[in-house]
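Structure first, commentary second.
The values are calculated or read from the model by the stated rules, or taken from the named source; none is laboratory data. None of these values were measured; they are calculated from a predicted model. Every residue, glycine as well, gets a Cβ built from its backbone with ideal geometry; the counts of neighbours run over all protein chains shown. When the accessible area is computed, the model is the full protein with side chains, heavy atoms only, and any ligands, DNA or RNA have been set aside. Shrake-Rupley method; radii C 1.70, N 1.55, O 1.52, S 1.80 Å.
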Amino acid sequence: VQRRLTAEPATRRGGPKQSARSQRAMGQPSHWPQTPVREKQRETKRNEVLSTAAQMFNERGFHATSLDDIAARLQVSKPTLYYYVKNKDEILLECVKKGLHLILEGIEASRQAGGNAVDQLRACMQVYADIVTQPFGMCIIRIGDEEVPEPSRTELRRMKSEIDQAFRRLVAQGVQEGTLAPCDPKMTAFVIAGALSWIGRWYQSGGEYTAAQVAEQCIGTLMHGVLGPG
């Protein structure tokens, strides 16, 4: 159930802001939220708009989802949305950026945790698999870069390249340590990211496997292969 969003009231001369000032002058407590509180409330509601939009983009596709559809899901008027976002392109951009930031932050946390290359590689794979089963992560996979206008498209591709480089670095380090079989780090990183990304296309919550089970089995196959001993 979506919470109802309401646009913040505009401050006018003689309006709530002036009233609050008068109350303070008279020694009375003000119930009008201070600016940091209002900004936090606005950001919370904006995130709700983005989260709902991400779910709908994944369900219907970007082009098949309109601002009217998003407003209807949130049970608000379309003009109310414009208080939180400029247009549908901005919504898409922010959804994809949120997904990419989640992955990059998870990869950095894995690096900070330490361990050998295999430990870090497995942790990074876990992060990636987890995020692409979530709405913002699915947007990265299900919606192509071409849907995002420049210059944002270039920025998103730069962020994706950071993820690719992190996988390549860990594969190369693992080969050097002798914990991974000799291979081409570039091609191996492509295989890993490609396999894990595909989860974001076919995974459906409420299916036969949970997101955690899907991640475990996919990572296990990538780490150990499909051939038996002998």
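The number of residues in segment 174-188 that are surrounded by 13 or more Cβ atoms within 10 Å (Cβ to Cβ) and either within 19 Å of ASP119 (Cβ to Cβ) or touching an Asp or Glu at 6+ places or on another chain (Cβ under 7 Å) (or both) comes to 7. Residue count for segment 135-151 satisfying the condition of being in contact (Cβ under 8 Å) with a residue 12 or more places away in the chain and either open to solvent by less than 30 Å² (accessible area, probe 1.4 Å) or of a type in the set (D, E, K, R) (or both): 10. Per this entry, ALA166 is counted among residues that are surrounded by 21 or more Cβ atoms within 10 Å (Cβ to Cβ) and out of contact with any Gly (no Cβ under 9 Å at 6 or more places or on another chain).
Looking at VAL127, VAL118, VAL132, VAL191, just one residue is open to solvent by 70 Å² or more (accessible area, probe 1.4 Å), under 24 Å from GLY225 (Cα atoms) and in contact (Cβ under 8 Å) with a residue 24 or more places away in the chain, and that residue is VAL191.
The single condition from (1) assigned to a helix (DSSP H, G or I); (2) within 16 Å of the chain's Cα centre (by Cα) that GLY174 fails is (2). Of all residues in segment 67-86, those satisfying the criterion of being assigned to a loop (DSSP other than H, G, I, E, B), within 20 Å of the chain's Cα centre (by Cα) and surrounded by 13 or more Cβ atoms within 10 Å (Cβ to Cβ) are TYR84, VAL85. Among the residues of segment 200-230, the ones that are exposed (fewer than 12 other Cβ atoms within 10 Å of the Cβ), within 22 Å of ARG142 (Cα to Cα) and not polar (S, T, N, Q) come to 5 in all.
For the structure I just gave you, tell me whether MET159 is touching a His at 6+ places or on another chain (Cβ under 9 Å) and of a type in the set (A, V, I, L, M). Spelling it out, MET159 is indeed touching a His at 6+ places or on another chain (Cβ under 9 Å) and of a type in the set (A, V, I, L, M).
When segment 29-54 is filtered for residues that are modelled with pLDDT under 95 and more than 16 Å from TYR82 (Cα to Cα), the ones remaining, listed by number, are PRO29, SER30, HIS31, TRP32, PRO33, GLN34, THR35, PRO36, VAL37, ARG38, LYS40.
Can you find a residue in segment 100-111 that is polar (S, T, N, Q), part of a helix (DSSP H, G or I) and over 20 Å from the mean Cα position of the chain (by Cα)? So far as segment 100-111 goes, no, none of its residues is polar (S, T, N, Q), part of a helix (DSSP H, G or I) and over 20 Å from the mean Cα position of the chain (by Cα).
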